[in-house]
Amino acid sequence: MYGDVNVKVEDGNLGRSSSTGTGTQIKIGISNVESKAPILISGTMNAKKIKEKVGNTPLADACIDAVEWGASSIYCIPVKAGTAGTIGEITEDKKGYGTFAVKGSPNNAYDIVVEVMDAGECNEGSFRYSLDGGNTYTEEMTIPITGEAELETTGLSVKFTDAEGGDSFKEGDSFSFSTTSPAMSNESVISAVESLINSPLVFEFAHIVGVSAKALWASLCTLANDFLTKYKRPLYFVCEARGKKADETLEEYVNAMLEERKGINNIYIQVVCSNSRYQRMDGRVQVINNAGIVTGLYSAAKESQSIGEVKSFPISEAKMQELLPEGIEDYIETLDKAKFVTIRKYIGKEDYYVTSANMMSPEGSDYAYAEDVRVSNRLVRAVRAEALNELQVEIDPGDIETSITNIQEQLNTPVEDAIRDKIISSGSVAIDTENLNILVDESLDIRVTYVPMGHVREMNITFAVENPYTQS
């Protein structure tokens, strides 16, 4: 018999109506760095070091955000771009007569400003540049004699060309343009996920960095189920929904997101539909999808703890400067009900907070939130590991009770650990002995049940005036 410890997660038992977690994660994203093995990013690395490891790329940005908010270990799988990034039109504000051009293939989405600091021709004048729309700048540097300058780590270079009559570049001349990020193909994402099947790494979830849509989410639903049942490696996926298009109204955008969500019903898929203007830990101010922040918070929270817990996980408005698109606050409740992950403000609080760590679960699921899935996955991993130790063990048909009790005690150890760590309220392991025919079947039917920790999702407070002189 080709035996194994098989697992199944049962849903619907709660009858719901319509210690610190490891938080070790995989990030799959665009990078110009090639690596045959996952690249480890630790929580002690600064932004510069992270960029050195995985390039000035969307993958690096997602790691930077996650590390800032609590991630301690991130394994990065760099993926080559399926679609190249684009360079937008150059806007000039100048008095000089020289010309300016840009070429290359951008590694990321940038809002680039090139500013002349000292007037002059090539090899005389100087310039600096910004990748975040002028919020932060490089050090000043001389315009090269050739006029060609590489914008380090971006995949781009610029070309200054002198005017024939002189007066080429004046102090204060500026040239601005934006780029779009390269994108992964769905096939490359799936291939990267499948590379984890036989990986020795232990991780909780995989963050798919960059915008994705319904077709990929549906594929990830299938993969998540396979990882649990076929490969015995429970995980969940965190994906990023797109932002609003320039030609869309807010209502059109939200309706499009609701349409994307239809047909996706899986407890192992989470989609962050939240964007903001955000100051990263290296000082850059950029428009981001907030999934990097969300994935960082999972490392700061124990498995059963909601990252929406107000007293524990505020997101400072000094960092998150505004939610985008403008006016999205009026639609956050709608997106939350559709089980997207959003970020909100509460009246009377200055900071921002995760609304709920929703999973794209079916109605009535016992695993509606990430904290539910994280607890379940922890138990699945830990109990299965204990069960593997008991695989092929001898059972004495003349004293089955003693043999089964020994196995049951071993399997109950991780359940007791979870109770001690306040991950669950109570739990137990039961082995079916009534229908056991060990000499014929050579298998055990085991059931693990537990009571999860509860969460306060809403409060109803009544205020009333009392007259102390009224006789009862």
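Would segment 138-152 turn up any residue that is within 18 Å of Lys95 (Cα to Cα) and either touching a Leu at 6+ places or on another chain (Cβ under 8 Å) or not small (Gly, Ala, Ser) (or both)?
Checked against the condition, which is being within 18 Å of Lys95 (Cα to Cα) and either touching a Leu at 6+ places or on another chain (Cβ under 8 Å) or not small (Gly, Ala, Ser) (or both), segment 138-152 yields at least one hit.
Out of everything in segment 267-281 that is out of contact with any Asp or Glu (no Cβ under 6 Å at 6 or more places or on another chain) and under 12 Å from Lys319 (Cβ atoms), what residue ends up being most open to solvent (accessible area, probe 1.4 Å)?
Gln279
Test each condition in (1) over 40 Å from the mean Cα position of the chain (by Cα); (2) at pLDDT 95 or above; (3) surrounded by fewer than 20 Cβ atoms within 10 Å (Cβ to Cβ) for Phe169 and report the one that comes out false.
(3)
Within segment 291-335, which residues are of a type in the set (Asp, Glu) and part of a loop (DSSP other than H, G, I, E, B)?
The answer is Glu303, Glu309, Glu317, Glu326.
Filter segment 220-251 down to residues that are over 18 Å from Tyr367 (Cα atoms) and open to solvent by 40 Å² or more (accessible area, probe 1.4 Å), then give me how many there are.
Going through segment 220-251 one residue at a time, the tally reaches 9.
Could you tell me whether Leu258 is under 24 Å from Glu363 (Cα atoms), among the hydrophobic types (A, V, I, L, M, F, W, C) and open to solvent by 30 Å² or more (accessible area, probe 1.4 Å)?
For Leu258, the condition - under 24 Å from Glu363 (Cα atoms), among the hydrophobic types (A, V, I, L, M, F, W, C) and open to solvent by 30 Å² or more (accessible area, probe 1.4 Å) - is met.
Does segment 442-472 hold any residues that are open to solvent by less than 70 Å² (accessible area, probe 1.4 Å), under 19 Å from Leu391 (Cβ atoms) and either in a loop (DSSP other than H, G, I, E, B) or acidic (Asp, Glu) (or both), and which are they?
Across segment 442-472, the qualifying residues are Ser443, Leu444.
Working only within segment 364-400, note down all residues that are more than 21 Å from Pro234 (Cα to Cα), open to solvent by 40 Å² or more (accessible area, probe 1.4 Å) and part of a loop (DSSP other than H, G, I, E, B).
Hits for segment 364-400 are Gln392, Val393, Glu394, Asp396.
For segment 267-285, name all the residues that are over 18 Å from Leu324 (Cβ atoms), among the aliphatic types (A, V, I, L, M) and assigned to a strand (DSSP E or B).
Ile269
Within the set of pairs 6+ apart or on separate chains, which have a first residue in segment 306-333 that is farther than 24 Å from His455 by Cα, a second that is of a type in the set (Val, Ile, Thr) and open to solvent by 50 Å² or more (accessible area, probe 1.4 Å), and C-beta atoms under 7 Å apart?
Leu324/Val287
Could you tell me which of the residues Val440, Val451 is closer than 30 Å to Val373 by Cβ, β-branched (Val, Ile, Thr) and out of contact with any helix residue (DSSP H, G or I) (no Cβ under 6 Å at 6 or more places or on another chain)?
The conditions single out Val451.
Just give me the residues in segment 343-363 being over 18 Å from Glu458 (Cα atoms), crowded, with 18+ Cβ neighbours inside 10 Å and not hydroxyl-bearing (Ser, Thr, Tyr), in sequence order.
Answer for segment 343-363, where residues must be over 18 Å from Glu458 (Cα atoms), crowded, with 18+ Cβ neighbours inside 10 Å and not hydroxyl-bearing (Ser, Thr, Tyr): Met359, Met360.
Just for strands (runs of 3 or more DSSP E) wholly inside segment 61-139: which have at least 1 residues that are crowded, with 20+ Cβ neighbours inside 10 Å?
The strands (runs of 3 or more DSSP E) meeting that bar are 73-79, 99-104, 111-118, 126-130.
Can you tell me which residue among Ile264, Ile288 is touching a helix residue (DSSP H, G or I) at 6+ places or on another chain (Cβ under 9 Å), part of a loop (DSSP other than H, G, I, E, B) and either open to solvent by less than 20 Å² (accessible area, probe 1.4 Å) or within 15 Å of Glu326 (Cβ to Cβ) (or both)?
The unique qualifying residue is Ile264.
Quick one: in segment 401-430, which of the residues that are β-branched (Val, Ile, Thr) and surrounded by 15 or more Cβ atoms within 10 Å (Cβ to Cβ) is nearest to Ala382 (Cα to Cα)?
Once the filter is applied, the top-ranked residue is Val415.
Restricting the first residue to segment 429-450 and requiring it to be over 15 Å from Thr402 (Cα atoms), which pairs with a second residue that is part of a strand (DSSP E or B) and open to solvent by 70 Å² or more (accessible area, probe 1.4 Å) meet a Cβ separation below 9 Å and a spacing of at least six or different chains?
As it stands, the answer is Val429/Ile446; Val429/Arg447, since those pairs meet every condition given.
The values are calculated or read from the model by the stated rules, or taken from the named source; none is laboratory data. All of these numbers come straight from a predicted model, not from anything done at the bench. We place every Cβ from the backbone using ideal geometry, glycine too, and count neighbours over all the protein chains shown. What goes into the accessible areas is simple: the full protein's heavy atoms, side chains included, and nothing from ligands, DNA or RNA. Shrake-Rupley method; radii C 1.70, N 1.55, O 1.52, S 1.80 Å.
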